[in-house]
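As structure tokens, the structure follows; a few thoughts come after it.
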Amino acid sequence: MLQETNIESDRMSESKEDRPALALNDVRKSFRSGGDALEVLKGISFTVRPGETVSIIGPSGSGKTTLLGICAGLDQPTTGTVTLCGEDVSHMGEDQRAAIRNERVGFVFQNFQLIPTLTALENVMVPLELRGEKNVRERARELLGKVGLADRVTHYPIQLSGGEQQRVALARAFVNEPDILFADEPTGNLDSDTSEPIVDLLFELNRNLGTTLVLVTHDLELAKTTDRLLKIDHGVLSEINASGHE
Ligand code: ADP
């Protein structure tokens with residue numbers, strides 16, 4: 001479904017640099033709860049290579065969303081280091097982290113987070129406009145075409161199925177042709193029939209553009225299709241190998 005793009009060669013050569021797409025070193029995160037500190041992430045270290053696909057699974061409350069937010073430079077660890085696209089985002093102010101996110105990072109969320117009062121096209125145009133790009137209407141049409149929604153551009157989110165809304169969200173996540181895409185339960189609100197094409201699309205983007213994928217999911221079938229499977233439990237991360245053993 002995803003068409004070839006002429007930006008492919010540039011992005012591929014850039015993402016084939018030796019440096020990791022993401023590296024965490026002994027990351028800890030505590031939240032204040034009343035007078036006490038609740039340690040949610042307990043010394044997490046892992047590295048993701050450019051172009052890899054990685055799933056993070058774990059029970060509710062185990063720290064998945066907190067970890068994803070820290071990996072993506074949305075939040076900072078209490079201690080430890082996070083290197084995202086070669087930059088140490090754990091010792092940066094919000095403005096610098098936002099600049100890196102805007103340039104190199106894409107996000108997809110479980111609840112799509114589309115703007116309900118805007119059409120599919122306008123939802124994709126907004127971030128293009130914010131980036132100061134030219135020909136935003138044409139670019140947005142092109143991106144929606146790539147996710148198979150050329151005939152839905154004037155629809156409002158409420159007029160789209162969950163799967164179609166997630167496609168708009170994916171088109172929007174790709175306005176900056178990100179090096180790395182973070183997805184928090186991307187199929188969490190979709191039934192199995194609708195989630196399959198979304199999963200296919202994520203992997204097409206990974207293959208065609210070399211985009212690194214880091215997914216948080218409850219869906220073990222989806223998790224097993226990624227290159228690596230990481231499990232978090234009570235804030236401790238372990239890697240599950242191909243045979244299913246930790
Ligand atoms: P998961 O995504 O695996 O369900 P979360 O990362 O959302 O888990 O949450 C892990 C733990 O951290 C939970 O106990 C949650 O209540 C707590 N937590 C998350 N964010 C905050 C916050 N901003 N303040 C206090 N506690 C938080």
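The values are calculated or read from the model by the stated rules, or taken from the named source; none is laboratory data. Just so you know, these numbers come straight off a predicted model, no measurement behind them. A quick note on method: Cβ atoms are made from the backbone with ideal geometry, for glycine too, and the neighbour counts reach across all protein chains shown.
Some notes on this structure:
- A single member of ASP200, ASP179 is at pLDDT 95 or above and either closer than 22 Å to LEU68 by Cβ or under 16 Å from the mean Cα position of the chain (by Cα) (or both), and it is ASP179.
- Residue within region 191-205 that is part of a loop (DSSP other than H, G, I, E, B), surrounded by 15 or more Cβ atoms within 10 Å (Cβ to Cβ) and more than 16 Å from the ligand (Cβ to nearest atom) present: no
- The set of residues in region 28-60 being polar (S, T, N, Q), at pLDDT 95 or above and surrounded by fewer than 16 Cβ atoms within 10 Å (Cβ to Cβ) consists of SER45, THR47.
- Residue list for region 49-76, filter: under 17 Å from ARG104 (Cβ atoms) and small (Gly, Ala, Ser): GLY51, GLY69, ALA72, GLY73
- Verdict on GLY86 being more than 16 Å from the chain's Cα centre (by Cα), surrounded by fewer than 22 Cβ atoms within 10 Å (Cβ to Cβ) and under 30 Å from ASN25 (Cβ atoms): yes
- Filtering ALA173, ALA183 for residues that are within 16 Å of the ligand (Cβ to nearest atom), of a type in the set (Gly, Ala, Ser), crowded, with 21+ Cβ neighbours inside 10 Å and touching a residue at least 24 places away in the same chain (Cβ under 8 Å) leaves a single hit, ALA183.
- Taking the listed residues VAL82, VAL48, the one that is closer than 14 Å to ILE180 by Cβ and either free of Cβ contacts under 8 Å to residues at least 12 places away in the same chain or more than 16 Å from the ligand (Cβ to nearest atom) (or both) is VAL48, with no other qualifying.
- Taking helices (runs of 4 or more DSSP H) as the structural unit, those lying wholly within region 81-183 and holding at least 3 residues that are under 15 Å from LEU205 (Cα atoms) correspond to 136-146, 162-173.
- Enumeration of residues in region 27-45 that are within 11 Å of the ligand (Cβ to nearest atom) and not in a strand (DSSP E or B): GLY34
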